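**Q** Mind looking over this structure? Questions follow.
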Amino acid sequence: MGHEQKEPLDAERLVFFSDAVVAIAITLLALDLRLEHAHDPITFGDIGGMWRKWAAFILSFVLIGTFWKVHH
């Protein structure tokens, strides 16, 4: 029988932990995307008025995703 080389369990746990941290960080980014003064039917103007928050969300998402991709 062949002996397969396996990575230590500690390294695998570290990868799973870092994946979980990234997932939580990206989830927390979305908590700030609330409509403050929305009309009864939500319009594109309501959403477009939040362009700064959307830009910050997208930039942060891309940066966190890039760091995660480089990590793997």
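The values are calculated or read from the model by the stated rules, or taken from the named source; none is laboratory data. Since the structure is predicted, the reported quantities are computational estimates derived from the model, not experimental observations. Cβ sites come from the backbone with ideal geometry, for glycine too, and all protein chains shown count toward neighbours. Accessible surface areas use protein heavy atoms only, side chains included; no ligands, DNA or RNA. Shrake-Rupley method; radii C 1.70, N 1.55, O 1.52, S 1.80 Å.
**Q** Just the C-alpha atoms of the stretch 21-72: what Rg/Rh do they give, with Rh taken as the Kirkwood radius?
**A** With Rg and the Kirkwood Rh in hand, the quotient comes to 1.11.
**Q** Mind ranking Ile26, Ile58 by accessible surface for me, highest first, 1.4 Å probe?
**A** Ranked list, largest accessible area first: Ile58, Ile26.
**Q** Quick one: length gained pulling Arg34 to Ser60 fully straight, 0.36 nm per residue minus the C-alpha distance?
**A** That pair, Arg34 and Ser60, stretches by 7.7 nm at full extension.
**Q** State, to one decimal in nm, how far the label point of Val70 lies from the label point of Ser18, with both points 7 Å from Cα in the Cβ direction.
**A** Result: 1.2 nm between the two label points.
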